[in-house]
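Student: Here's a structure for you.
The values are calculated or read from the model by the stated rules, or taken from the named source; none is laboratory data. Just so it is clear, the model here is predicted, and its values are computed rather than measured. Note that we place each Cβ from the backbone using ideal geometry, even for glycine, and neighbour counts take in every protein chain shown. Ligands, DNA and RNA are excluded from the accessible area calculation, which covers all protein heavy atoms including side chains. Shrake-Rupley method; radii C 1.70, N 1.55, O 1.52, S 1.80 Å.
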Amino acid sequence: MTIPTADEVSTHWLTDCLRSAGHDDALVRGFEATRIGTGQIGKCIRFRLDLANGAGAVPRSLVGKFPSDDPTSRQTGVDLGNYRREVEFYRQLVSRLSIRTPRCYYAAIEGEGPHFALLLSDAAPAEPGNQLAGCTQSVARAAVLELAGLHAPTWNDPTICGVDWISEPSAETIDRHRGWYQSLLPGFLDRYAHRLERDSRAIIERVAASTGTPFIGRPDPYALTHVDYRLDN
């Protein structure tokens with residue numbers, strides 16, 4: 001199946017994806033495509049399906065994820081390995097984990113990207129969080145407990161080591177991250193220091209000179225981490 005762009009998605013392609021996922025009698029006769037979210041390196045489209053058959057069990061709405069329209073954002077997704085990492089997550093890892101994830105109906109990429117596509121179940125009417133607005137204690141607890149479903153199944157698992165698309169820190173990566181931290185720190189403190197407790201600011205400043213944690217290679221113990229786990233994401 002040829003990887004479509006967001007504009008190339010067709011009723012035929014959507015029907016094939018559904019049937020490949022076990023909805024043998026699915027037939028998409030039309031759909032409405034709407035841009036959702038504010039992805040920085042990806043573009044998400046909600047497809048509301050007009051179904052001719054299989055309406056009782058077939059999802060009426062799916063979400064497609066594609067590369068950003070912006071050339072700089074697309075190149076960032078390639079350079080950081082984000083496009084391949086997300087596709088391979090659904091191809092190779094998701095069945096081993098117990099963290100809640102959308103069902104994947106299609107996952108494909110050409111090389112490292114940027115040409116890729118994902119087709120996932122729609123979480124509507126759920127809405128993304130807002131890290132500035134915060135959340136309730138129950139939401140925070142649920143979010144933290146979900147992480148166990150990512151960490152526990154891969155805890156000290158040697159099969160996730162040395163996999164090229166999993167971002168295991170190299171010496172070069174560590175030095176680059178330390179450099180980013182040091183270069184961004186003055187601006188961060190200039191903007192937010194007045195909101196920080198004195199001991200918090202001291203810790204943040206000490207990290208910049210650290211030759212250990214958090215600028216280290218594979219820790220002990222180790223597990224898969226999300227690296228950007230927050231209310232907005």
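Student: So, counting K/R as plus one and D/E as minus one, what does the shell of residues with Cβ under 9 Å around ARG35 add up to?
Tutor: Charge balance in the 9 Å sphere: +2.
Student: Placing +1 at every Lys and Arg Cβ and -1 at every Asp and Glu Cβ, with all other atoms neutral, what dipole size does segment 99-233 have around its Cα centre, in debye to the nearest 20?
Tutor: Dipole magnitude for segment 99-233 comes out near 500 debye.
Student: So for the chain, taking the charge dipole from beta-carbon charges (+1 Lys/Arg, -1 Asp/Glu), which of TYR222, GLY149, HIS115 sits furthest toward the positive end?
Tutor: GLY149
Student: Of the heavy-atom accessible surface of the chain (probe 1.4 angstrom), what whole percent is carbon and sulfur?
Tutor: 51
Student: I've got another one for you. Sort 6-19, 118-131 by the packing proxy (mean of other Cβ within 10 Å over each peptide's residues), most packed first.
Tutor: Order by mean packing, descending: 6-19, 118-131.
Student: Another question about this same structure. Computed from the coordinates I sent, Kirkwood radius over Cα pairs in Å equals one of (1) 20.4; (2) 17.6; (3) 19.3. Tell me the label.
Tutor: Checked against the structure: label (1).
Student: Roll a 1.4 Å probe over the protein chains and send me the accessible area per residue for the chain in Å².
Tutor: 63
Student: OK, next. When Lys and Arg each count +1 and Asp and Glu each count -1, what net charge do the other residues less than 12 Å away from SER61, Cβ to Cβ, add up to?
Tutor: Summing Lys/Arg as +1 and Asp/Glu as -1 gives 0.
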